[in-house]
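As structure tokens, the structure follows; a few thoughts come after it.
The values are calculated or read from the model by the stated rules, or taken from the named source; none is laboratory data. Everything numeric here is computed off the predicted structure, so don't read it as measured data. Here the Cβ positions follow ideal geometry from the backbone for every residue, glycine too, while neighbour counts run over all protein chains shown. To get the accessible areas, we keep the full protein, side chains included, count just its heavy atoms, and leave off ligands, DNA and RNA. Shrake-Rupley method; radii C 1.70, N 1.55, O 1.52, S 1.80 Å.
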Amino acid sequence: MEVVSSLLPHVLALDDDPAVRDLIAEYLADNELRVTAVASGRELADTMAREAVDVVILDVRLPGEDGMQIARRLREESQIPILMLTGRVDEADRVMGLELGADDYLTKPFSPRELLARVRALLRRSRARATVADEIAKVRAYRFGGWELNVGLRRLRSAQGEPVELTNGEFSLLTAFLSAPRRVLTRDQLLELSRMHNAEVYDRSIDVQILRLRRKIEVDPAHPQYIRTERGAGYLFDAPVDALR
């Protein structure tokens, strides 16, 4: 039984309320998930140092601790999906949590069935992202319109052979576009792809960073040739791209 349990997806839940911890642990365990429920940030860190974790459930409001800081630290150290638990009226907490890199949130009190559905959705997205990341990791460089982006060195060279400096966010967004040319990417998809490179790209900054990226690679940024806006849908990289492996 212990061997079988170790093969199940591992959910690590942090909440200071024993009743909430018991509810999460019992309900998820009854639905083929392995659960470790802890009451403090120290216990969470100790568990993650010992074991592989697939999803973290994190209560924002913790006595004597800052759940936001814990979320920030988790995101800086890994790409583990984070589901934040917030109070029903704490809209500011939800917004800040998502901007710090949390993948989803759920308001208290919550339905155990909805919690399970959200955890399963995060697991599916994480597996899909890992598959895409594996494919991107095989690429040495991308070429488009005479430009070349060396992924390993994180260097962009223009069609004239000149180096073009990119911020971490710009590099991650350009890599996201080049990995999916001529496909409309929503802001959520761009965020997902950008996080593979540990970039500080948030929903509110995507439009600004795309504007800056256009200024660096477009002949006329006001009438972009490469990064096109698809109104109501997202953005599209409109050029053939060669992936060099």
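Data table
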{"quantity": "Yes/no for ALA39 being modelled with pLDDT of 95 or more and surrounded by 14 or more Cβ atoms within 10 Å (Cβ to Cβ)", "calculated": "no"}
{"quantity": "Options GLU65, GLU32, GLU91, GLU77; residue that is at pLDDT 85 or above and open to solvent by 60 Å² or more (accessible area, probe 1.4 Å)", "calculated": "GLU32"}
{"quantity": "Whichever residue in the stretch 35-66 is in a helix (DSSP H, G or I) and in contact (Cβ under 8 Å) with a residue 24 or more places away in the chain and, among such residues, is farthest from ASP22 (Cα to Cα)", "calculated": "MET48"}
{"quantity": "Residue selected from the stretch 165-194 under the condition open to solvent by 30 Å² or more (accessible area, probe 1.4 Å) and part of a helix (DSSP H, G or I), by the criterion modelled with the lowest pLDDT", "calculated": "GLU192"}
{"quantity": "So GLU148, is it at pLDDT 85 or above, over 21 Å from the mean Cα position of the chain (by Cα) and open to solvent by less than 40 Å² (accessible area, probe 1.4 Å)", "calculated": "yes"}
{"quantity": "ASP238, sole failed condition from (1) at pLDDT 85 or above; (2) open to solvent by less than 40 Å² (accessible area, probe 1.4 Å)", "calculated": "(2)"}
